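Take a look at the structure set out below.
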Amino acid sequence: MHPAKFARLMRVAIIGRPNVGKSSLFNRLIGRQHALVYNKPGVTRDCLFEKAEYGGFTFEVVDTAGLDDGVDMQEDEAEMRKAGPQMKASGIGRWPAHLLTEALENTSLVVKSSDLVLFMVDQRVGLTPLDWQFARWLAMKNKPTLLISNKADGNVSPLDENLANISVTGMKDVKKLGLGEPLHISATQNEGMSELIMHMAPIIMGVDRKNRQISTEWKSEEERRLRLLILGRPNVGKSTLVNALVETQADEKKEDFVPLLVGPEPGITRDPVSVIFEHQGQQIEVIDTAGLRKKGKTMQHGDAIDIKTSYASLKRVPRADLVILLLEINKQTGLLTEQDITLATEVIKEGKAILVAVNKCDTLSKEELANVKKSSPRILNMCFNQLGEVPTVFISSQNRLGLKQLMTEAISLHEKSRTKLSTADLQRWVHDIKRIGKMSPPTFPNLKFARQVDTKPPTIVLTCSRSVRSTTAYMAYLTNDFRRTFGLDGVPLRILLREELSQAKKQ
Ligand SMILES: Nc1nc2c(ncn2[C@@H]2O[C@H](COP(=O)(O)OP(=O)(O)OP(=O)(O)O)[C@@H](O)[C@H]2O)c(=O)[nH]1
Ligand SMILES: [Mg+2]
């Protein structure tokens, strides 16, 4: 999944049936609320990979999907694959059958590439048949494993007769799982964590020796990394695009890649998932997100998980360098829908540049595609006029078409968004706008000079000699002229007018 970023960090996978608290432990170890946590089974779908710095150790931790009851975890992988479609779905975690097979394969890949597995059971519920099946399956993988008994709120000391609840009967056979003594923790209450780290330490240290030296190098790589956030409606092909971008890399760069789950059902991706790969010597982090549904629809279905996933997707905007707004060619809805415009507005508000990628071009004839290409600039410019001419690429994630151009445009747009203009260039622009500007300011503010005070987005302070009362139209005019002059299409700009303080005012 993170071939470039984490290949050299020790990998710890959290495995277990649904709703035992894997995501809570994951969040606890990485120190923030990253994975969606909800008190129903089946929330996490894609495996999540993050760096944890906990108890003085640095390692990679992986949250995996809890696969549901009914799966016959056959010892033979081929049998497991066949068993996939028979898995039942429950609660909010309605899994399309084909996804269960893929998710199970992904969990298998994660275990294979991990150095340590934390196998989690729920102390309050006790052991279920699925715990036994998982444990048997894990035993065949020959991986160092720690057995974690979670939800031991207030009871983190080793299980004893004083525990007067269901867990006593439910857990009495826990040692027969063959995974050693359980470690009792409460991930949500932060109990038993030091004990857990103490048990992880010898294994971490065994692997970590060779990793120690890389931590500084890792940090600088992280700082230089280009973060591309993919947003779009459900089912437009976001996860397919991420898989395609990684899969077109050279073999050694996609080692350990765990593909994202894709399928024709809308709403497959839940948690934002980040994947790192190297493109022409530059580290790229692509973040796949849950498709954003129409607000009305989300509310109407009263589906709390939809609200949570939409929120989690938008929460990623501030940390992104650039947003790829993925659209789908759809003969019914046309190129842009209301949701896309709402999304773009949120992104522009955050000052992030937008690259539009139009997916599923393979579904159109040559003629149809030519027509879409011809009409799209007009439609996009009308809707995103604060960005000038939004850079647009036409792709087919499924057929791996247009991906090179997508990356070239993304890198170029990122460069533009962090443009630092020289004072001389800015002064020339001020001079020209005063001399040949086509629009007079409402109360002529007498522009004096311009200073760039920030990048990402480029932020310009224009100093004027008199108090300023600008109109929206005048500001839009200045912004557009600035964008055209410096070739900043697709980049949100911030131009601020400031009155120059007179000597008297300064004193
Ligand atoms: N024809 C065609 N189909 C595609 C293309 N890209 C994706 N698909 C299909 O579109 C469907 C949705 O793809 P996903 O990648 O799961 O879409 P998503 O945007 O991640 O969906 P959510 O996670 O549900 O929001 C799948 O059936 C894909 O096979 C493409 O370029 N061409
Ligand atoms: Mg998806």
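What pairs come up if the first residue lies in segment 276-290 and is among the aliphatic types (A, V, I, L, M), the second is more than 16 Å from ligand 1 (Cβ to nearest atom) and assigned to a loop (DSSP other than H, G, I, E, B), and their beta carbons are under 6 Å apart, counting only those six or more places apart or on different chains? If the second residue must be more than 16 Å from ligand 1 (Cβ to nearest atom) and assigned to a loop (DSSP other than H, G, I, E, B), the pairs left are I276/H2. Hey, could you check segment 214-234 for residues that are of a type in the set (V, I, T) and modelled with pLDDT under 65 and say which is least open to solvent (accessible area, probe 1.4 Å)? Among residues in segment 214-234 that are of a type in the set (V, I, T) and modelled with pLDDT under 65, the one least open to solvent (accessible area, probe 1.4 Å) is I214.
Considered as a group, the residues in segment 347-384 that are acidic (D, E) and either out of contact with any helix residue (DSSP H, G or I) (no Cβ under 6 Å at 6 or more places or on another chain) or surrounded by 18 or more Cβ atoms within 10 Å (Cβ to Cβ) (or both) include one that is farthest from P458 (Cα to Cα), and that residue is E367.
So which of R81, R32 ends up being at negative phi, open to solvent by 60 Å² or more (accessible area, probe 1.4 Å), in the same structural domain as N142 (by TED's automatic domain parsing) and modelled with pLDDT of 60 or more?
Details: R81 fails: modelled with pLDDT of 60 or more.
Being at negative phi, open to solvent by 60 Å² or more (accessible area, probe 1.4 Å), in the same structural domain as N142 (by TED's automatic domain parsing) and modelled with pLDDT of 60 or more holds for just one of R81, R32, which is R32.
One residue alone among L413, L406, L387, L426 is more than 27 Å from R224 (Cα to Cα) and either of a type in the set (D, E) or surrounded by 13 or more Cβ atoms within 10 Å (Cβ to Cβ) (or both), and that residue is L426. Counting residues in segment 161-173 that are in a loop (DSSP other than H, G, I, E, B), open to solvent by less than 30 Å² (accessible area, probe 1.4 Å) and modelled with pLDDT under 75 gives one or more. Each residue in segment 266-288 was checked for being more than 10 Å from ligand 2 (Cβ to nearest atom), assigned to a loop (DSSP other than H, G, I, E, B) and over 13 Å from the mean Cα position of the chain (by Cα), and 2 of them qualify. So, in segment 142-156, of the ones that are assigned to a loop (DSSP other than H, G, I, E, B) and hydrophobic (A, V, I, L, M, F, W, C), which residue ends up modelled with the highest pLDDT? Looking at the filtered set, the residue picked out is A152.
The values are calculated or read from the model by the stated rules, or taken from the named source; none is laboratory data. Being a predicted model, the structure only gives us computed values, none of them experimental. In this analysis, Cβ positions are derived from the backbone assuming ideal geometry, glycine residues included, and neighbour counts consider all displayed protein chains. Note: accessible area is taken over every heavy atom of the protein model, side chains too, but ligands, DNA and RNA are not part of it. Shrake-Rupley method; radii C 1.70, N 1.55, O 1.52, S 1.80 Å.
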